[in-house]
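*Asks:* My questions will all concern the structure given below.
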Amino acid sequence: MKKGIKGPRDRGAEDAKYGLPPKNISRNWTAKVTRESDALDLEPGVFTWKDPEKIARSLKKSADSSTRRKSAPFRSAMSMLVFYINRAGSKLDGGQKRILEQAKEELRKLYGRNKK
């Protein structure tokens with residue numbers, strides 16, 4: 001390998017040098033946020049439910065009752081839902097993604113918001 005060109009094996013040492021977490025830890029941070037978020041107390045499995053209205057009601061209830069969130073209830077609830085959709089990425093089943101997108105619409109209705 002040419003001097004100065006970093007290969008895949010060189011990056012771990014480089015990350016450690018700059019205080020970055022090991023790659024296997026950084027890959028799992030989203031699961032930890034979903035599991036241990038301090039802002040909202042989510043019902044277990046809420047993002048796996050098949051009823052978008054039920055998902056939206058649960059997120060609204062969690063956001064409205066939370067005293068630890070830093071923004072408005074609507075924003076907290078929508079942020080958590082969008083976070084989950086974005087982080088699940090290609091691993092999210094197409095049908096479940098549609099349900100979660102519908103849950104966003106239901107959440108907007110519950111809070112009396114229109115889509116921008």
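The values are calculated or read from the model by the stated rules, or taken from the named source; none is laboratory data. All figures in this text were calculated on a predicted structure; none of them were measured in a lab. Quick reminder, even Gly has a Cβ in these numbers, built from the backbone with ideal geometry, and neighbours come from all protein chains shown.
*Asks:* Would you mind stating whether L59 is at pLDDT 90 or above and aliphatic (A, V, I, L, M)?
*Replies:* So L59 passes the test.
*Asks:* While we're on this one: If you check A56 against the conditions, is it surrounded by fewer than 18 Cβ atoms within 10 Å (Cβ to Cβ), among the aliphatic types (A, V, I, L, M) and closer than 22 Å to K115 by Cβ?
*Replies:* Answer is no for this residue.
*Asks:* Could you count how many residues in segment 81-115 are closer than 22 Å to D64 by Cβ and not in a helix (DSSP H, G or I)?
*Replies:* 5
*Asks:* Can you tell me which of D38, D93 is touching a Lys or Arg at 6+ places or on another chain (Cβ under 7 Å), of a type in the set (D, E) and at pLDDT below 90?
*Replies:* Residue meeting the stated conditions: D38.
*Asks:* I would also like to ask the following. The conditions are (1) acidic (D, E); (2) at pLDDT 65 or above; (3) in a helix (DSSP H, G or I), and E14 fails exactly one of them. Which is it?
*Replies:* For E14, the exception is condition (2).
*Asks:* Does segment 63-80 hold any residues that are in contact (Cβ under 8 Å) with a residue 24 or more places away in the chain and either assigned to a helix (DSSP H, G or I) or surrounded by fewer than 16 Cβ atoms within 10 Å (Cβ to Cβ) (or both), and which are they?
*Replies:* S65, R68, K70, P73, F74, S76, A77, M78, M80
*Asks:* Restricting to segment 81-100, count the residues that are touching a residue at least 40 places away in the same chain (Cβ under 8 Å) and out of contact with any Leu (no Cβ under 9 Å at 6 or more places or on another chain).
*Replies:* 4
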